[in-house]
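As structure tokens, the structure follows; a few thoughts come after it.
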Amino acid sequence: MDNPTNQDLLVNYEHEEDCVYLDDDDDDDVDGTYYIYVINAILSGTARLNILLPTATILAFSILAPLVTNDGVCTNLSRWLMGFLLAILAASCVFFTFIDSFRTATGRLYYGVATFRGIWTFNGGRKKPRVPSNYKLRWADIFHASLSLVAFLTFAGSHQDVVGCYYPTMPRRLTNTLPLLVGFVVSVLLVMFPSKRRGIGYPFLLRGDAMYSRC
């Protein structure tokens, strides 16, 4: 016949082992959930890079730069025109970063520009979102606009036609390496600190993503 004290100790020991196993399973579930969230954040941020990066502005610049600079053989007039083009496209980078959108109660989509007082819609500001304070201009927007501006100016300044027009003695190794390095750093920062703006061309699949929700 077994001692009752030994039986109690054996039961308590088995119960403690079960509790340890349950705690390990809970930790694994928490770790798995965290890793899934990180992966989803990276993939969602990567999908938005074509919106956050000035891809359309760079495309327009790549088309117009050879025409304005005569393939890098510049005159004084073409240098002034090139500078004017750079200023216009740089301003567009900042402007499109501040574009946002919202839906009304009927489901209609409206676009506007974020300001310190809220969003100003393109129809004269007559339509307003349900929570206007969620659409005010913030310091994060200026941060994202700065990244977009830096990416564009780095690419434009390293373009062969601009280099031939303004500083033809610049080493080719620098003009080939600098845009790649800056583009990589800017892309990483945009993935790590994504914008919540839903501007023109915002990916449809991300409109219901909780990560970018402002509700």
Can you sort Asp141, Asp161 so the residue with the fewest Cβ neighbours within 10 Å comes first?
Asp141, Asp161
Ser92/Arg130 FRET efficiency (R0 22 Å; Cβ-Cβ; nearest 0.05):
0.15
In which sequence would Tyr110, Tyr167 go, from the one with the fewest C-beta neighbours within 10 Å to the one with the most?
Tyr167, Tyr110
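Any read-out appearing in this document is the output of simple, stated calculations on the displayed coordinates, not a laboratory observation. None of these values were measured; they are calculated from a predicted model. Quick reminder, even Gly has a Cβ in these numbers, built from the backbone with ideal geometry, and neighbours come from all protein chains shown.
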